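Please read the structure below before turning to the comments.
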Amino acid sequence: MSEEHKNNPLHGINLKQIMNELVDQYGWDELGQRINIRCFNYDPSINSCLKFLRKTPWARTKVENLYIAMIKK
């Protein structure tokens, strides 16, 4: 593994995996409270959230940061 990827906890994990693990861990209600994004709070689905997160870098960053915090626990 290259040095650049060695310390990156997101290396090898795609956005769909991240979302599935966050939903399993927190559920949609708590996820919507932790990150106030419309697609988490109104008629949530993995596919609609993925579509939004792929187009919205600030939201994706928040989701990735929450995931990193979750796996560090």
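Here are the numbers for the structure shown:
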{"item": "Fraction of accessible area attributable to carbon and sulfur, the chain (%, probe 1.4 Å)", "result": "45"}
{"item": "Approximate spin-label separation Lys62-Lys16, in nm, with each point projected 7 Å along Cα-to-Cβ", "result": "2.4"}
{"item": "Loop chymotrypsin sites (Phe, Trp or Tyr not before Pro), the chain (other Cβ atoms within 10 Å of the site Cβ: 13 or fewer; DSSP)", "result": "Tyr42"}
{"item": "D_trans [Stokes-Einstein, Kirkwood Rh over alpha-carbon pairs] for the chain, 4 °C, 1.567 mPa s, µm² s⁻¹", "result": "102"}
{"item": "FRET E, pair Arg54, Asp29, Förster distance 22 Å, beta-carbon r, rounded to 0.05", "result": "0.40"}
{"item": "Principal-axis tilt of helix 57-72 within the chain, Cα atoms, nearest 10 degrees", "result": "70"}
{"item": "Solvent exposure of the chain as accessible area per residue, Å², 1.4 Å probe", "result": "70"}
{"item": "Crossing angle, helix 46-55 versus the chain [Cα axis fit, 0-90 degrees, rounded to tens]", "result": "60"}
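The values are calculated or read from the model by the stated rules, or taken from the named source; none is laboratory data. Predicted model only: the values in this text are computed from it and were never measured. Ideal geometry is used to build each Cβ from the backbone, glycine not excepted, and the neighbour counts take in all protein chains shown. Note: accessible area is taken over every heavy atom of the protein model, side chains too, but ligands, DNA and RNA are not part of it. Shrake-Rupley method; radii C 1.70, N 1.55, O 1.52, S 1.80 Å.
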